[in-house]
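In what follows, a structure is listed as structure tokens, so that the remarks can point back to it.
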Amino acid sequence: MTDNLRGLIERLEKLEGPDREVEAEIDVTLFGGETIWKTANYTMESYPASRRPSATHIGGFANEHVPSYTASLDAAVGLVERVLPGWDGFVPINAKGEAWVWPAGGMGKGHRVSAATPAIALLIATLKALQENSNG
């Protein structure tokens, strides 16, 4: 998983704006399954969904919408809460693409990142923290 995280971090660092393919890759890397692309009825735009085994869905698989992690600060914060429970994050109000994450009570031991947008910066900081934690 460490190599996958490194590759995702590199892709995120190169982004200049939201990217649905990167969001799909983040989702599969962190939560497993596979990405299937669906088409929205009203706009005819493609969007990613995650296909994962599920005992509670008909056919045994769930096709769940992939959040817009790179476009939405709310989605990025939700990801931090899900994959780094007990960690804190910060995005300055006047931020032009800055974010921090750190373990609760461990200010200064986390990751501060600048990127194209605050949401992308928060994703990079989160993935760096996961990478660091998986390295021991």
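Determine the pairs where a residue that is without any contact (Cβ under 8 Å) to a residue 24 or more places away in the chain and polar (S, T, N, Q), located within segment 29-58, has a partner that is open to solvent by less than 40 Å² (accessible area, probe 1.4 Å) and part of a helix (DSSP H, G or I) with Cβ atoms under 8 Å apart, the partner being 6 or more residues away or on another chain.
Close Cβ pairs satisfying both conditions: S54/G60.
Scan segment 39-67 residue by residue and report those that are in a strand (DSSP E or B) and exposed (fewer than 14 other Cβ atoms within 10 Å of the Cβ).
Result: T39, S46, P53, H65.
Could you tell me whether segment 36-52 includes any residue that is closer than 17 Å to K128 by Cα and basic (K, R)?
No; the residues of segment 36-52 include none that is closer than 17 Å to K128 by Cα and basic (K, R).
Among the residues of segment 86-117, what is the count of those that are assigned to a loop (DSSP other than H, G, I, E, B), closer than 19 Å to G17 by Cα and at pLDDT 85 or above?
Residues flagged as assigned to a loop (DSSP other than H, G, I, E, B), closer than 19 Å to G17 by Cα and at pLDDT 85 or above within segment 86-117 amount to 5.
Just the residues that are in contact (Cβ under 8 Å) with a residue 24 or more places away in the chain and under 16 Å from A71 (Cα atoms), please, taken from segment 109-130.
A115, A116, T117, P118, A119, I120, A121, L122, L123, I124, A125, T126
Here are some conditions: (1) in a helix (DSSP H, G or I); (2) out of contact with any helix residue (DSSP H, G or I) (no Cβ under 9 Å at 6 or more places or on another chain); (3) not aliphatic (A, V, I, L, M). D74 meets all but one. Which one does it not meet?
Failing condition for D74: (2).
For segment 61-78, give me each residue that is in contact with a Ser or Thr (Cβ under 6 Å, 6 or more places away or on another chain) and modelled with pLDDT of 95 or more.
Correct list: A75 only.
The values are calculated or read from the model by the stated rules, or taken from the named source; none is laboratory data. What you are looking at is a predicted structure, and each value in this text was computed from that prediction instead of being measured. Cβ: placed from backbone, ideal geometry, glycine included. Neighbour counts: every protein chain shown. These area figures cover heavy atoms from the full protein model, side chains too; ligands, DNA and RNA do not enter into them. Shrake-Rupley method; radii C 1.70, N 1.55, O 1.52, S 1.80 Å.
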